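K.L.:
Okay, here's the structure, questions in a sec.
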Amino acid sequence: MTGFRFGPPGWLPWLGPLLAAGVGAAVGEYGLGGGFWTVLIAALVGGFLPILGYRIWKWRHHR
């Protein structure tokens, strides 16, 4: 059974910096004590999520 599958949008990886800033600000303001390293790690993880999602989506699309 084959269905219509479309590839990931090209702008998805560019959400990384915006998401990193949002996650870092949210963690710094509302959660986890808001220390420098906590905010930095949360921002890095949040920033790489769109890139990772894009690569996984693209990999699954080309299978």
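The values are calculated or read from the model by the stated rules, or taken from the named source; none is laboratory data. Just so you know, these numbers come straight off a predicted model, no measurement behind them. Virtual Cβ from ideal backbone geometry, glycine too; neighbours counted across all protein chains shown. SASA here: full protein model, heavy atoms, side chains in, ligands and nucleic acids out. Shrake-Rupley method; radii C 1.70, N 1.55, O 1.52, S 1.80 Å.
K.L.:
Please find, within segment 22-63, the residue that is farthest from PRO9 (Cα to Cα) out of those that are touching a Pro at 6+ places or on another chain (Cβ under 8 Å) and of a type in the set (A, V, I, L, M, F, W, C).
P.N.:
For segment 22-63, the residue satisfying everything is ILE51.
K.L.:
Note down all Cβ pairs under 6 Å where the first residue falls in segment 48-59 and is open to solvent by 80 Å² or more (accessible area, probe 1.4 Å), the second is modelled with pLDDT of 90 or more, and they're at least six residues apart or on different chains.
P.N.:
If the second residue must be modelled with pLDDT of 90 or more, no pairs are left.
K.L.:
Based on this model, can you work out whether LEU15 counts as part of a helix (DSSP H, G or I), modelled with pLDDT under 85, surrounded by 15 or more Cβ atoms within 10 Å (Cβ to Cβ) and within 17 Å of the chain's Cα centre (by Cα)?
P.N.:
Considered against the rule, which asks whether it is part of a helix (DSSP H, G or I), modelled with pLDDT under 85, surrounded by 15 or more Cβ atoms within 10 Å (Cβ to Cβ) and within 17 Å of the chain's Cα centre (by Cα), LEU15 comes out as yes.
K.L.:
Filter segment 18-36 down to the residues that are exposed (fewer than 13 other Cβ atoms within 10 Å of the Cβ) and modelled with pLDDT of 85 or more and list them by number.
P.N.:
LEU18 - this is the single residue of segment 18-36 that is exposed (fewer than 13 other Cβ atoms within 10 Å of the Cβ) and modelled with pLDDT of 85 or more.
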